[in-house]
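Please treat every number below as a calculation from the coordinates, not as lab data. Model, not experiment: these values are computed from the prediction. Neighbour counts are summed over all protein chains in view; Cβ atoms, including those assigned to glycine, are modelled from backbone coordinates with ideal geometry.
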Amino acid sequence: MGVVKRAASSLLLACGIVFVIAGLSAALGFTVGAMVVSVAAIAALLYAGGAWFGGAPAPLLPAGSETVIVFDRALRVAAGATPGTPLLSKFPEPLRPEIEMRCRLALKGEHTHFDCEHGGARFSFDIAPVPSIHGMVLYGVLITGAGKRVPAATSAPLTTVA
């Protein structure tokens with residue numbers, strides 16, 4: 001069904017572009033200026049349609065998932081499907097300052113663990129240094145259990161964020 005939807009939407013998009021160019025060119029005359037106006041109108045409509053109908057982005061941390069991310073000293077993802085992307089972009093905005101602080105501690109050689117709450121779900125984070133054979137910390141590893149429900153009464157400290 002996905003192929004049919006893509007083909008139909010591509011056909012509708014092509015027809016819309018042709019109609020906009022033809023309509024504006026007929027109204028303004030077949031000149032270079034009319035073509036520029038047509039292209040500008042098409043770009044504005046495509047942008048507005050994408051913003052309006054694009055939908056919400058996929059959640060950064062799907063409920064119940066476990067994530068292991070290796071990051072470098074610049075707090076960028078070091079390996080996996082998206083190497084080089086900023087580590088903090090993988091998490092919701094309210095969690096980022098706490099995660100950044102803990103990642104910087106890991107790069108100094110300190111292992112930390114914390115639980116936090118965001119959007120009605122609790123997240124458990126383990127952030128640890130990854131030392132080289134010479135003992136120098138070049139990477140860190142962040143392990144999270146995302147969105148797992150934790151019993152209300154836990155002995156671990158709970159950092160509430162947003």
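Once R0 is set to 35 Å, what does the formula 1/(1 + (r/R0)^6) return for the Cβ-Cβ distance between ALA74 and ALA7, expressed as a FRET efficiency to the nearest 0.05? Don't jump to the answer; show the numbers that get you there.
Working: r = 42 Å, r/R0 = 1.21.
In this case the efficiency is close to 0.25.
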Quiz prompt | Phi to ³J(HN,Hα) by Karplus 6.51 cos²θ - 1.76 cosθ + 1.60 over the range 128-133, Hz, x for Gly, Pro | solution = 9, x, 10, x, 7, 5
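Find how much the distance from ALA14 to ALA26 grows on full extension, using 0.36 nm per residue of separation minus their present alpha carbon separation; answer in nm with one decimal. List each step's numbers first, then the result.
Details: separation 12, 0.36 × 12 = 4.32 nm, distance 1.82 nm.
Net length gain for the segment: 2.5 nm.
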Practice problem: Calculate, in nm to one decimal, what VAL137 and GLU110 gain on full extension: separation in residues at 0.36 nm each, minus their alpha carbon distance. | Solution: 8.7 nm
Quiz item: Between ALA34 and GLU93, 0.36 nm times their residue separation minus their Cα-Cα distance comes to what?
Solution: 16.8 nm
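Determine how many Å³ per residue the convex hull of the Cα atoms of the range 2-53 encloses.
Numbers: hull volume 3.4 nm³, N = 52.
With only Cα atoms used, the range 2-53 gives 66 Å³ per residue.
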